[in-house]
């Protein structure tokens, strides 16, 4: 008999539910309770592309040290509320772990394991007795298992009551009903089992002033703070909630008090082509505009992205990456649009990417993207992903400097146009400051000066159509210069030099950050030390090249099949491909610690073997 | 193409409008379209209409897609900003531009390939979105820049230049615009300036989606016998059922004594469209009346022209989504950024 797992504030619990049954809010309540116990928590929705009836899971990692990445492997506790997935759910429990299930129906003999603790509570039956209405019975069954967990894991019951009163402020009947459901499970568990079990919680102070919020909410809010007034969009998972967030916050914060009218315009378009078309039209006309998309939506936007690049129109595109190619895995995560975005559209194009790794960066990069887009007069693509966008993350609180101002870039308004010297003619594509960025005008600015024809065709410095090769090359080279200017304005990489003498480095970006502290700690225990660099944008600045130059071996850790960032680094920096070792994970679930540690160890092992082989 | 560049010089006694501008001030750069191209006549009609309306040209934004028609805005209103976007997607760019600044006048210039073939989706949606703009399609039933292929408005049974018969059904953009909710719908002919200029003036003055389908023959690829979009064919088969006069709000309105049923429809600014239908049963305020008249004339092999439908006072996109009166592109930091105090409250709600 394997002894039950004993652990305080360090475990993984997985809830197995049927989608469309209201389990999400109950599970969210659990995560919030852990957070309010002062213990770092990272919950993940694992859901199908479906409305109702299919299995869905919610995996919560609780970790006092603040490790937020997926641990990988089995879980310590399963809460099994879905008869469809029982077999898989039983199998997911680690030896010595706990299996809590709805014992209204007995667990089939064949599924019983003797190496885990099986805890049966008849949630359906308890709720049937307590509640009269069918919908209530279904919804409160979820709350009742949270109540049972409060007893089993020793979570302060008061934390739940406080959360409920905050959530349902002003709706007393809901507070009462939810509390009743919580007590139902709590009392049954206390009465029937020895509480707490081996895995349990205790209050801590590891959360500080942090917040718990999903990336898409933060991105949408960033667009409000960044001054976006126009949004054209088309719904697509997992980016939809970015626009929903922008809508919700705008409706709260952007209503003209005198008239009740909106200081923003959101239009749901007929497809993603039209969505980005709206953004381009609005930006051309001097408004800050954005759209958000994912997967196939990005492919559809390709032609317009090329136009915005070539005609030099600012725009902000939030790409919440999902599993590709094609429809791929719409509800799973990947970082597989790196190349598609860096070089989006036909012909020679190079875009500007920023890559957030947490909600705070989602907020900041979204707000900052409007300044960058207008300063650089080009698309800024924010590379989020489903893992970040649709899950709650422990994050530093969002901050805003009230002294800041929007940088509207190089725009000549009526006054400046009036002051042009006599005989001087406005030229839309004159590189007057030698940074590749030219001056633009808004339509309607001036009766005589500043009008020009915006086009996707080749043109000269005065925006006149030309097929002259020299003029074409002149323009394309200036665009390269502008791209280099961009490197000095966009978020710099986060570089951590543990010791200058380390010969090995790790390079990663976006949500891979979640597993890195734990992975590097584990590797260090094996005597392996690394310097690290988290990329936060493209084009790469000099620091990126220096970091690569100063190490012998660099592990480039990515969540895609084809090592896209490695390809981009090799292509843009001309570094030797042999130096950059791919560590890849792309099964649609966020990269686990296992994949990083195992991948690096494998490579080092293989490398050692190769060296030994050579020597002998 | 026209070989002689336009002279900047103009006669000192050219008539001037209320802004003191001459017709020449509304022209664009030299046309590179084929000599005799209908599109140049459409451009000239736009110039005439804007001149007569005394519009400040810089307050007009010209938007187009790709194709001969979409190049045309270069050749009129040289003091207006223009945006030659991508093929078939001008409507979405126009939507964004209009959202950003509701105070400009938006003139979309498109073609039959751009709007009926590749861009049919965007065309249908911009109509139903009721964008406040004038949308002109210079319709010749053929692709010019790729040398004469049929577009989606080419009539079934008509013969293309190479001798090939068109076997697909042609799309009638006027009927489509009517059924999608356009509030100003007209059809005209590039060769009939007298009809076209007032229609453009009315469209530019209309608050809402104004659509003008202008038959504009392609002299190079679709002006032969067997074509239903040639100058000859159109002159023979056009039927002007409703003539329209644009009457600015400042002018004195006199009683009409001519034959025909006269109907005056006031626009939002007090200007007026005076319509005269030769058929008493025709009601230009009725969609169904317009749709059935178009169908009846099509069945007879005729191309119905004139102002076919006008609905004054309908709401447009900005009104429908309730945006502020001030153009969104003029809102400043203070009106847009909620600030740190509000953010602190939000942080608290995320705990």
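For the structure I just gave you, tell me whether residue B:348 is within 14 Å of chain A (Cβ to nearest Cβ) and either surrounded by 15 or more Cβ atoms within 10 Å (Cβ to Cβ) or part of a helix (DSSP H, G or I) (or both). Step through it out loud before you land on a result.
Numbers: within 14 Å of chain A (Cβ to nearest Cβ): yes; either surrounded by 15 or more Cβ atoms within 10 Å (Cβ to Cβ) or part of a helix (DSSP H, G or I) (or both): yes.
Here the answer is yes, as residue B:348 does meet what is asked.
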Looking at segment B:305-327 only, could you name the residues that are over 24 Å from residue A:280 (Cβ atoms) and more than 8 Å from chain A (Cβ to nearest Cβ)? B:305, B:306, B:307, B:308, B:309, B:310, B:311, B:312, B:313, B:314, B:315
Filtered residue count, segment B:328-345, keeping only those that are in contact with a helix residue (DSSP H, G or I) (Cβ under 7 Å, 6 or more places away or on another chain) and more than 7 Å from chain A (Cβ to nearest Cβ): 0
Residue match in segment A:380-391 (condition: within 14 Å of chain B (Cβ to nearest Cβ) and over 23 Å from residue A:302 (Cα atoms)): yes
Inspect all residues belonging to segment A:296-306 and state whether any of them is at negative phi, part of a loop (DSSP other than H, G, I, E, B) and within 10 Å of another protein chain (Cβ to nearest Cβ). no
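Say whether the condition of being farther than 24 Å from residue B:158 by Cβ and within 12 Å of chain A (Cβ to nearest Cβ) is met by at least one residue in segment B:113-120.
Within segment B:113-120, the first condition is being farther than 24 Å from residue B:158 by Cβ, and the residues that meet it are none.
Scanning segment B:113-120, I find no residue that is farther than 24 Å from residue B:158 by Cβ and within 12 Å of chain A (Cβ to nearest Cβ), so the answer is no.
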Anything in segment B:112-149 that is in a helix (DSSP H, G or I) and farther than 23 Å from residue B:189 by Cα? List them, or say none. B:121, B:122, B:125, B:126, B:128
Which numbered condition in (1) out of contact with any helix residue (DSSP H, G or I) (no Cβ under 8 Å at 6 or more places or on another chain); (2) surrounded by 19 or more Cβ atoms within 10 Å (Cβ to Cβ); (3) in a loop (DSSP other than H, G, I, E, B) is the only one that residue A:478 fails? (3)
Within segment A:183-231, how many residues are within 11 Å of chain B (Cβ to nearest Cβ), closer than 30 Å to residue B:318 by Cβ and either within 21 Å of the chain's Cα centre (by Cα) or in a loop (DSSP other than H, G, I, E, B) (or both)? 12
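Just to be sure before I move on: is residue B:285 assigned to a loop (DSSP other than H, G, I, E, B), over 24 Å from residue B:194 (Cβ atoms) and at pLDDT below 95 in the structure I sent? Before the answer, list the steps.
Working: assigned to a loop (DSSP other than H, G, I, E, B): yes; over 24 Å from residue B:194 (Cβ atoms): no; at pLDDT below 95: yes.
Judged against the criteria, residue B:285 is not a match.
Determine if segment B:271-281 includes at least one residue that is in contact with a helix residue (DSSP H, G or I) (Cβ under 6 Å, 6 or more places away or on another chain), more than 29 Å from residue A:442 (Cβ to Cβ) and more than 10 Å from chain A (Cβ to nearest Cβ).
Step one: filter segment B:271-281 for residues in contact with a helix residue (DSSP H, G or I) (Cβ under 6 Å, 6 or more places away or on another chain), giving B:271, B:273.
Pick out the ones that are also more than 29 Å from residue A:442 (Cβ to Cβ) and you get B:273.
Keeping just the survivors that are more than 10 Å from chain A (Cβ to nearest Cβ) gives B:273.
Taking every residue of segment B:271-281 in turn, at least one turns out to be in contact with a helix residue (DSSP H, G or I) (Cβ under 6 Å, 6 or more places away or on another chain), more than 29 Å from residue A:442 (Cβ to Cβ) and more than 10 Å from chain A (Cβ to nearest Cβ).
Evaluate segment B:77-89: report whether one residue or more is closer than 18 Å to residue B:40 by Cβ, more than 11 Å from chain A (Cβ to nearest Cβ) and in contact (Cβ under 8 Å) with a residue 40 or more places away in the chain. Before you say what the answer is, go through the steps one by one.
Residues of segment B:77-89 closer than 18 Å to residue B:40 by Cβ: B:77-78, B:80, B:82, B:84.
Those left that are additionally more than 11 Å from chain A (Cβ to nearest Cβ): none.
Checking segment B:77-89: not a single residue is closer than 18 Å to residue B:40 by Cβ, more than 11 Å from chain A (Cβ to nearest Cβ) and in contact (Cβ under 8 Å) with a residue 40 or more places away in the chain.
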What about residue B:55, is it over 18 Å from the mean Cα position of the chain (by Cα), within 13 Å of chain A (Cβ to nearest Cβ) and within 24 Å of residue B:101 (Cβ to Cβ)? no
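Would you confirm whether any residue within segment A:178-186 is closer than 30 Å to residue A:389 by Cα, touching a strand residue (DSSP E or B) at 6+ places or on another chain (Cβ under 7 Å) and surrounded by 24 or more Cβ atoms within 10 Å (Cβ to Cβ)? Before you say what the answer is, go through the steps one by one.
Let us first name the residues in segment A:178-186 that are closer than 30 Å to residue A:389 by Cα, namely A:178, A:182.
This time we only want the ones that are touching a strand residue (DSSP E or B) at 6+ places or on another chain (Cβ under 7 Å), so: none.
For segment A:178-186, residues closer than 30 Å to residue A:389 by Cα, touching a strand residue (DSSP E or B) at 6+ places or on another chain (Cβ under 7 Å) and surrounded by 24 or more Cβ atoms within 10 Å (Cβ to Cβ): absent.
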Flagged in segment A:429-452 as in contact with a helix residue (DSSP H, G or I) (Cβ under 8 Å, 6 or more places away or on another chain) and either within 18 Å of residue B:101 (Cβ to Cβ) or part of a helix (DSSP H, G or I) (or both), in numbering order, are A:441, A:442, A:443, A:444, A:445, A:446, A:447, A:450, A:451
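Right, residue A:450: at the interface with chain B (Cβ under 10 Å from one of its Cβ atoms), crowded, with 17+ Cβ neighbours inside 10 Å and within 34 Å of the chain's Cα centre (by Cα) or not? Walk me through how you get there before you give the answer.
Values: at the interface with chain B (Cβ under 10 Å from one of its Cβ atoms): yes; crowded, with 17+ Cβ neighbours inside 10 Å: yes; within 34 Å of the chain's Cα centre (by Cα): no.
Criteria not met by residue A:450.
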Subset of segment A:59-73 [at pLDDT 95 or above and within 16 Å of residue A:98 (Cβ to Cβ)]: A:59, A:60, A:61, A:62
Which number in (1) farther than 28 Å from residue A:52 by Cα; (2) in contact (Cβ under 8 Å) with a residue 60 or more places away in the chain marks the one condition that residue A:157 misses? (2)
Do we have any residue at all in segment A:266-288 that's more than 7 Å from every other protein chain (Cβ to nearest Cβ), within 30 Å of residue A:461 (Cα to Cα), in a loop (DSSP other than H, G, I, E, B) and modelled with pLDDT of 95 or more? yes
Those residues of segment B:290-323 which are surrounded by fewer than 15 Cβ atoms within 10 Å (Cβ to Cβ), on the phi < 0 side of the Ramachandran plot and in a loop (DSSP other than H, G, I, E, B) amount to B:300, B:315
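If a residue counts only when it is under 32 Å from the mean Cα position of the chain (by Cα) and under 29 Å from residue A:203 (Cβ atoms), which strands (runs of 3 or more DSSP E) contained entirely in segment A:24-129 have at least 1 such residues?
In segment A:24-129, the matching strands (runs of 3 or more DSSP E) lie at A:41-46, A:55-63, A:75-80, A:93-102.
The values are calculated or read from the model by the stated rules, or taken from the named source; none is laboratory data. Please read all numbers here as calculations on a predicted model, not as lab measurements. Note that we place each Cβ from the backbone using ideal geometry, even for glycine, and neighbour counts take in every protein chain shown.
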